[in-house]
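Note sheet for the following structure.
The values are calculated or read from the model by the stated rules, or taken from the named source; none is laboratory data. Since the model is a prediction, treat every value here as computed from it, not as a measurement. Cβ: placed from backbone, ideal geometry, glycine included. Neighbour counts: every protein chain shown.
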Amino acid sequence: MAVDTLPRRARIERKTLETRICVTLDLDGSGRSRFQTGVPFLDHMLDQVARHGLIDLDIEAVGDLHIDAHHTVEDLGITLGQALASALGDKQGIRRYGHAYVPLDEALSRVVIDLSGRPGLVYQVDFTRALIGAFDVDLFHEFFQGLVNHAGMTLHIDNLRGVNAHHQAETIFKAFGRALRMAVEPDPRMAGILPSTKGAL
């Protein structure tokens, strides 16, 4: 595992018998992104995170897609979570909490984040169909579970309504990007202060 030491940036490599993944991110970016994962619909969703989170995100992945996308999607979540944790460092001066509601036509989703150091996922999403193109929507849960486990965040995802599954997914990822942007944002009133009475996050 290689980690860039520049402030609020990280580069994480993960290699298993099933996948090889490299994630580079900059929490203080401008929303630039580049993806080569072999899973086009997930690339489209991650682009929403980068753009709406103002995170520069570069992801390369090679996985056992001849079986299915499960290992690749799960390991992408794990590696992105590790990169977020590394880029955040000791978390001094951040807002810690973030939330967003995002609509897209008939669909509406809410995402709430606490960069608590404790992994927890509440995922209330009832997709209206099992596949979006060739993408199995069950894999979104695996992606976010891997992410929260390794980022050390509490994450609540609620799709409040939606008919079009593509719209449901897009509102979730856009809301996640905007909530993450709020949570990692430096708070000038908290400069040098850890946002926790425990003294640790």
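Give me the pairs, please: first residue somewhere in segment 75-104 and farther than 15 Å from Arg11 by Cβ, second residue anywhere and part of a loop (DSSP other than H, G, I, E, B) and of a type in the set (D, E, K, R), beta-carbon distance under 6 Å, and either six or more positions apart or on two chains.
That search, which allows pairs on different chains as well, returns Arg95/Glu185; Arg95/Asp187.
Using the structure shown, decide if Leu42 is in contact (Cβ under 8 Å) with a residue 12 or more places away in the chain, within 20 Å of Ile113 (Cα to Cα), surrounded by 19 or more Cβ atoms within 10 Å (Cβ to Cβ) and not charged (D, E, K, R).
no
Results for (1) touching a strand residue (DSSP E or B) at 6+ places or on another chain (Cβ under 8 Å); (2) more than 17 Å from Leu139 (Cβ to Cβ), shown as yes or no for each residue.
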{"residue": "Leu17", "(1), (2)": "no, yes"}
{"residue": "Asp26", "(1), (2)": "yes, yes"}
{"residue": "His44", "(1), (2)": "no, no"}
{"residue": "Gln48", "(1), (2)": "no, no"}
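Check Arg189 against each of (1) of a type outside the set (Gly, Ala, Ser); (2) out of contact with any Phe, Trp or Tyr (no Cβ under 8 Å at 6 or more places or on another chain); (3) assigned to a helix (DSSP H, G or I); (4) under 29 Å from Gly38 (Cβ atoms) and name the one condition it does not meet.
Every listed condition holds for Arg189 apart from (4).
Do you know which of the residues in segment 85-94 that are surrounded by fewer than 23 Cβ atoms within 10 Å (Cβ to Cβ) and in contact with a helix residue (DSSP H, G or I) (Cβ under 6 Å, 6 or more places away or on another chain) is modelled with the highest pLDDT? Write out each step before concluding.
So the first thing to find is which residues in segment 85-94 are surrounded by fewer than 23 Cβ atoms within 10 Å (Cβ to Cβ), and the list is 85-86, 88-93.
Those left that are additionally in contact with a helix residue (DSSP H, G or I) (Cβ under 6 Å, 6 or more places away or on another chain): 85, 93.
Working: Ala85: 97, Gly93: 93.
The qualifying residue modelled with the highest pLDDT is Ala85.
Name the single residue, out of those in segment 124-149 being among the acidic types (Asp, Glu) and in a helix (DSSP H, G or I), that is surrounded by the fewest Cβ atoms within 10 Å (Cβ to Cβ).
Asp138
Could you go through segment 28-42 and let me know if any residue there is in a helix (DSSP H, G or I) and more than 12 Å from the chain's Cα centre (by Cα).
Looking through segment 28-42, at least one residue is in a helix (DSSP H, G or I) and more than 12 Å from the chain's Cα centre (by Cα).
Against the definition (closer than 30 Å to Leu17 by Cα, outside any helix (DSSP H, G or I) and touching a helix residue (DSSP H, G or I) at 6+ places or on another chain (Cβ under 9 Å)), how does Tyr101 come out, yes or no? Explain how you work it out, then say what you get.
Working: closer than 30 Å to Leu17 by Cα: no; outside any helix (DSSP H, G or I): yes; touching a helix residue (DSSP H, G or I) at 6+ places or on another chain (Cβ under 9 Å): yes.
Criteria not met by Tyr101.
In segment 45-63, what residues are crowded, with 19+ Cβ neighbours inside 10 Å and β-branched (Val, Ile, Thr)?
Result: Val49, Ile55, Ile59.
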